[in-house]
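Student: Once you've had a glance at the structure underneath, I'll fire off some questions.
The values are calculated or read from the model by the stated rules, or taken from the named source; none is laboratory data. These figures come from a predicted structure and were not determined experimentally. Glycine also receives a Cβ, built like all others from the backbone with ideal geometry; neighbour counts cover every protein chain displayed.
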Ligand SMILES: Cc1cc2nc3c(=O)[nH]c(=O)nc-3n(C[C@H](O)[C@H](O)[C@H](O)COP(=O)(O)O)c2cc1C
Ligand SMILES: Cc1cc2nc3c(=O)[nH]c(=O)nc-3n(C[C@H](O)[C@H](O)[C@H](O)COP(=O)(O)O)c2cc1C
Ligand SMILES: Cc1cc2nc3c(=O)[nH]c(=O)nc-3n(C[C@H](O)[C@H](O)[C@H](O)COP(=O)(O)O)c2cc1C
Ligand SMILES: Cc1cc2nc3c(=O)[nH]c(=O)nc-3n(C[C@H](O)[C@H](O)[C@H](O)COP(=O)(O)O)c2cc1C
């Protein structure tokens, strides 16, 4: 079994067994203002939105997670079938293994998603660090692998810095992103993986022509935390220590959403999004959609119905939030009144 | 036993057995300023106030709760006898069952209140959602049922949204309210049931001609919490989950009181009011009176004396607060100095 | 044994046995700024101050506590001997019993203080509520009883309101105070007993000609708490309940000190002062001295040496605070730099 | 064994056995802003800095700790060997014992550092209180003792005030410092020992010509705490009590760093610095380097490798912070974006 694929396996196991979530997204500091007289029918609220011209039944995204190991085929199948059934978007995990290794079973762990979800909005995933070595044709190959509707490029330098074997050369990434954004046949999303994107970085990405920014801020899954456990397992004490130290590093998701939305009109809020209410808050703060990764992992293991069930709960929570704020559509939800309190208020005030 | 009445029974049982109160009314963030030299006699303080021309011995309201099931007759009797004895106001629970079902025992659960409280200020209760289907004559019937001094129309759309069988059509409510406010023989109070009323909604209600607004804000009884328990009991997992998620949804009572009082001169503060000191704070914030529901439920089960006892304790707490702020009358209490701290201060600052 | 004297006995017992202290003086929100280079000799710091022309070795006051029951003679003896030895000020408890009852043993519980402390600054104590009934000659009698250097008039209307038998007529107090302040042979201090004095009340007292204000703010001994225990013991449920409800009522001592010092130049800070560091903070906030009651009660029971020991610890803490802020005198300490944080900062900002 | 040396031994033992750390440096209120696209190679980040023309491999300082007792030779050897190996700076503990006592073993506890670290940046240590009695030649002797690259003068008057035998005469220190700063052959650092240096004191030190200021603020090792334990051991109750009372006295390290850096361009941040991330924050706030004392004590007891290991972990944490803020050099780190939250924000706002 090649290293890249094995690593994915390690990660999934650690995420299932250890405490790999932080807190502090800032959503608890956001209060949507109750509308006692909504004057709408809950069941006629329109939760649809569009992403690059593709309609989603609800502004909910299953964030990039797995693929790259035969054992993940089952997970991706469940996620994709559920996306197909419910009409939401889904990303696959890093396609590096699929691109670099020549193993049919492994490649199937990605291709399965399009097989079972012919109509869903599916997007691919490559790392910015790898991008420097790829040319656009390689990325196009990743697109084709799943007939992707878009391609996500992930930024995860803190994670790389904690991995004993991590790729810590971050030079040239912005150029590489610009190159791909320019030439690729599908829209490009740039995403973090749990530490957020600042206003100035979002501006640079907007200038580079990326089509969407997925903030993946602080408060949910912590990759430095995960790598710290993995380092501990192989006796890499220093990495273990550094991973712990940076466990809660990053820009809180609510803050990052506000900052990115100030400079880009297609922002996905993720990182610790844990309910349809969080999704509603993210949209009120300016996001186009909310994304969740870890909460889908358990249900994916149980099968498609469990994933569908989670999506429907999220959708009903979102719909309920829209109902009691009187928002008949996602566009209205973006304009709903809210208050920002506590540390998140302080954070935003400091950043102005 | 018809459904509506049974539901009321479920509710009362859950409220007695489960944890159905949240926190965060904001009253803990309000400090009335001590007056070391009050220059008044405590026992000559005038706690009377008027509601629609009717004098109350104290600005304390027993909020809308029961009726609609024969088993509640005893509760309403105790509450009404106590209101009569102490000179405060009392509302009955939703009269829907009384209007829609033809059952003498059931109707008696409402009519008992006027029988035992010929002089008390008593007000009826209908839901805004039902109102759309009623014409004014139906509401007038509810008035007559208890010879009501006023009629409360409740807004409870979050609760409806959590109920599996809930009425989630909120369209036309404002028009229906305006229609009733215009034509009814008695004043109309519009009330929430635990999620509060914002400044803009209060403005719409004022424009519709309602005579009073009862904010019933966040921090006391949580109806999404209650419906969550009820959903759990019938295995409605998704509703259970949504109910939990919105358990603490709403505008804190102190905030809602300030907002509503900014646009309407007859505001009742309720939702988590738990003492005469809270009532005093509410009045300093601009309310005409303070209302309590859940705290009266236990005493009502024990009988009239227990209810009277609670009212007298509340009244003495209020009187004591007036004494040590040097307020000789409710009008003076409205002008007393106070400070707003913490999250409530932040909330109000954000909303300005 | 007459009622007044017995009550004093009850109080002392409850204070020794129950939890009768609140928190929230605000001193924890005050940080004196460290001076790493004080450029003074600690042992040459001058901690003396004057009160009405009388020099105190340190600006520390043993607040009004006991007297009025033969069992308290021993306590007052220890306190007075210690005041004499250490050169600080001391007040006796309410002299009402001494004035109204004709009992030699009882009177001795007051007179003992001057017997054992011929040179100490000692001040008497009468209640504002009683004052209305007394003429100046009666108060003069209280002065003579202990050859008082000043007379304290206490305001304790919250306590009275919680006592089943309390005197809740607060009318005419300000006039009575003005009358006494005008005519008495010694300076008049007006003091609260744990709920603080606001800026506006301090202004009225200043206008009435009182010579000092002792704020006795919120955060230390709670008299509503104490009376609540006493009410419980006699089965007065409603008073017990009201006492609990107002347990933490009042203006935080730090806030009250700032407010009173803004309008009067002789302010004693008390109410939850628990160390020489608190005294130093109070002086930086504008007080002339800091006073403590409850902390002296235990040592008083043990005897003079224990009281002296506490005073010397307080004095050393104060001296240490002066040393590390570089304040060579009390006048310099009043000008030392400090920061105000948290809720106290909010409170003061709201009151400006 | 002479007193000074024994005292050092006591201290080390207490620090190892008791809880002698406070919290509240303020670093937890500082958030460096994540840079998702750093565009640098982690391993090419330049962490070097210069101190008085001497290059350090990283801006990390082993703060003044031991020497003066034969048992500390082993500790100083390990610390110095590690400083030599890793290229960071190190201070020795107070050289008073070395200067005043004629004991070869004891002197060796200092001289060992230069023996094993011929190239490291090493600095000496004398107390400001002693300085008044020394002339420049005595201090020069201390420099020669370890061929020091600089001399630290410590300010520790709170500690002295808690010691039963402490030197509490702080007069003339500033003059003495100025005299030494003027005439000494090496640069002079003035340092606190855990209570911080205010902006105004830093200004006075800058005017006196000192070359660097080491703030040693509140939040780490507490010397009043340590002396409180020592006082307890000898039954000095009052000192024990005063020590406890002032346990958390001082200016938070983050605040002190900002204040000192506003008026001096060579500030070392210390006092509760506990990671390379704290060092990074300190530099962003304006410090030239970060220093740690207590965290090195345990490793020093284990030997050189343990100390090197800690330094390398600190250095990697710092490097990681630089990587994920996109800072390619210490100069860039000083310009990195950060937010200040909570109490530290309030503190700084109050001090402006
Ligand atoms: C099991 C798992 C695997 C992940 N793999 C990838 C990945 O391959 N590529 C990527 O861009 N992000 C990956 N992520 C990060 C997520 O896409 C997301 O940004 C992050 O977990 C924060 O969201 P969460 O708090 O909802 O988990 C993964 C997350 C999880 C939990
Ligand atoms: C047992 C119970 C029954 C209630 N029934 C009604 C009702 O029928 N109609 C209504 O408008 N509100 C109803 N309410 C809501 C209350 O009137 C009130 O708005 C809410 O409970 C908040 O007040 P509290 O925190 O003091 O309980 C009920 C509350 C309780 C506790
Ligand atoms: C045992 C005891 C008796 C007291 N008796 C009196 C009194 O007779 N007259 C008075 O003015 N205050 C009296 N006080 C109030 C104190 O003078 C003081 O204002 C209050 O206790 C707050 O200070 P502390 O928190 O340090 O106790 C008494 C306090 C205590 C603890
Ligand atoms: C064991 C020990 C001994 C110390 N001895 C000295 C000393 O001799 N001279 C000095 O200036 N500071 C001395 N200090 C203070 C430190 O240099 C430093 O300023 C302080 O401990 C705060 O840093 P920390 O929180 O990282 O320990 C000592 C600290 C410790 C822990």
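Student: Being away from every other protein chain (no Cβ under 11 Å), surrounded by fewer than 24 Cβ atoms within 10 Å (Cβ to Cβ) and not in a loop (DSSP other than H, G, I, E, B) is the filter here, so list the residues in the stretch B:227-248 that pass it.
Tutor: Result: B:229, B:230, B:231, B:232, B:233.
Student: May I ask you to verify whether residue A:194 is in contact (Cβ under 8 Å) with a residue 12 or more places away in the chain, surrounded by fewer than 24 Cβ atoms within 10 Å (Cβ to Cβ) and on the phi > 0 side of the Ramachandran plot? Write out each step before concluding.
Tutor: On the way: in contact (Cβ under 8 Å) with a residue 12 or more places away in the chain: yes; surrounded by fewer than 24 Cβ atoms within 10 Å (Cβ to Cβ): no; on the phi > 0 side of the Ramachandran plot: yes.
Here the answer is no, as residue A:194 does not meet what is asked.
Student: For the structure I just gave you, tell me whether residue D:289 is closer than 22 Å to residue D:32 by Cβ and more than 16 Å from the chain's Cα centre (by Cα). Spell out the reasoning first.
Tutor: Numbers: closer than 22 Å to residue D:32 by Cβ: yes; more than 16 Å from the chain's Cα centre (by Cα): no.
Criteria not met by residue D:289.
Student: Still on this structure, please answer the following. Name the single residue, out of those in the stretch C:22-46 being within 16 Å of ligand 3 (Cβ to nearest atom) and touching a strand residue (DSSP E or B) at 6+ places or on another chain (Cβ under 6 Å), that is nearest to the other protein chains (Cβ to nearest Cβ).
Tutor: Here the residue is C:24.
Student: Please go through the stretch C:323-342 and give me each residue that is in contact with a strand residue (DSSP E or B) (Cβ under 8 Å, 6 or more places away or on another chain) and more than 8 Å from chain D (Cβ to nearest Cβ), ordered by number.
Tutor: The answer is C:325, C:328, C:329, C:330, C:336, C:338.
Student: Here is a follow-up. When you scan the stretch C:31-100 for strands (runs of 3 or more DSSP E) that lie fully inside it, which ones turn up with 2 or more residues that are surrounded by 18 or more Cβ atoms within 10 Å (Cβ to Cβ) and within 18 Å of the chain's Cα centre (by Cα)? Steps first, please.
Tutor: Values: elements: C:49-51, C:54-56, C:60-62, C:89-91.
Because the criterion is at least 2 residues that are surrounded by 18 or more Cβ atoms within 10 Å (Cβ to Cβ) and within 18 Å of the chain's Cα centre (by Cα), the strands (runs of 3 or more DSSP E) in the stretch C:31-100 that meet it are C:49-51, C:60-62, C:89-91.
Student: Another question, if that's okay. For residue C:258, all conditions in the list (1) under 26 Å from residue C:313 (Cβ atoms); (2) away from chain B (no Cβ under 12 Å) hold save one; what is the number of the exception?
Tutor: The failed condition is (1).
Student: Ok, one more. If I filter the stretch B:99-111 for residues that are in contact with a helix residue (DSSP H, G or I) (Cβ under 8 Å, 6 or more places away or on another chain), in contact (Cβ under 8 Å) with a residue 40 or more places away in the chain and under 15 Å from residue B:319 (Cα atoms), do I get at least one hit?
Tutor: Checked against the condition, which is being in contact with a helix residue (DSSP H, G or I) (Cβ under 8 Å, 6 or more places away or on another chain), in contact (Cβ under 8 Å) with a residue 40 or more places away in the chain and under 15 Å from residue B:319 (Cα atoms), the stretch B:99-111 yields no hits at all.
Student: Still on this structure, please answer the following. Residue under question is residue A:224, and the condition is that it be within 16 Å of ligand 1 (Cβ to nearest atom) and under 19 Å from residue D:327 (Cβ atoms); does it hold?
Tutor: yes
Student: Could you identify the single residue in B:350, B:346 that is in contact with a strand residue (DSSP E or B) (Cβ under 7 Å, 6 or more places away or on another chain), more than 23 Å from residue B:223 (Cα to Cα) and without any contact (Cβ under 8 Å) to a residue 24 or more places away in the chain?
Tutor: One residue alone meets the criteria, B:350.
Student: Suppose we keep only residues that are over 30 Å from residue B:279 (Cβ atoms) and either outside any helix (DSSP H, G or I) or within 16 Å of ligand 1 (Cβ to nearest atom) (or both) within the stretch B:1-21. Which one would you say is modelled with the highest pLDDT?
Tutor: B:2
Student: Moving on to the next point. Within the stretch B:125-144, is even one residue farther than 16 Å from residue A:36 by Cβ, in a loop (DSSP other than H, G, I, E, B), away from every other protein chain (no Cβ under 14 Å) and at pLDDT 95 or above?
Tutor: Checked against the condition, which is being farther than 16 Å from residue A:36 by Cβ, in a loop (DSSP other than H, G, I, E, B), away from every other protein chain (no Cβ under 14 Å) and at pLDDT 95 or above, the stretch B:125-144 yields no hits at all.
Student: For the stretch A:250-272, enumerate the residues that are more than 9 Å from residue A:217 (Cα to Cα) and crowded, with 24+ Cβ neighbours inside 10 Å. Quick ask: steps written out before the conclusion?
Tutor: Within the stretch A:250-272, the first condition is being more than 9 Å from residue A:217 (Cα to Cα), and the residues that meet it are A:258-268.
Correct list: A:258, A:259, A:260, A:267, A:268.
Student: State all residues of the stretch A:302-315 that are away from chain B (no Cβ under 14 Å) and either under 19 Å from the mean Cα position of the chain (by Cα) or within 22 Å of residue B:246 (Cα to Cα) (or both); if no residue qualifies, say none.
Tutor: Listed by number, the list holds a single entry, A:307.
Student: Give the residues of the stretch A:146-158 that are in contact with a strand residue (DSSP E or B) (Cβ under 7 Å, 6 or more places away or on another chain) and more than 14 Å from ligand 1 (Cβ to nearest atom), sorted by residue number.
Tutor: Within the stretch A:146-158, A:149 is the sole residue that qualifies.
Student: Here's a follow-up. Could we say that residue C:24 is part of a loop (DSSP other than H, G, I, E, B) and over 30 Å from residue D:257 (Cβ atoms) here?
Tutor: Details: part of a loop (DSSP other than H, G, I, E, B): yes; over 30 Å from residue D:257 (Cβ atoms): yes.
Considered against the rule, which asks whether it is part of a loop (DSSP other than H, G, I, E, B) and over 30 Å from residue D:257 (Cβ atoms), residue C:24 comes out as yes.
Student: Looking for whichever is away from every other protein chain (no Cβ under 14 Å), at pLDDT 95 or above, touching a helix residue (DSSP H, G or I) at 6+ places or on another chain (Cβ under 8 Å) and within 14 Å of ligand 1 (Cβ to nearest atom) here; the options are A:116, A:92. Which one fits?
Tutor: On the way: A:116 fails: within 14 Å of ligand 1 (Cβ to nearest atom).
Unique residue meeting the criteria: A:92.
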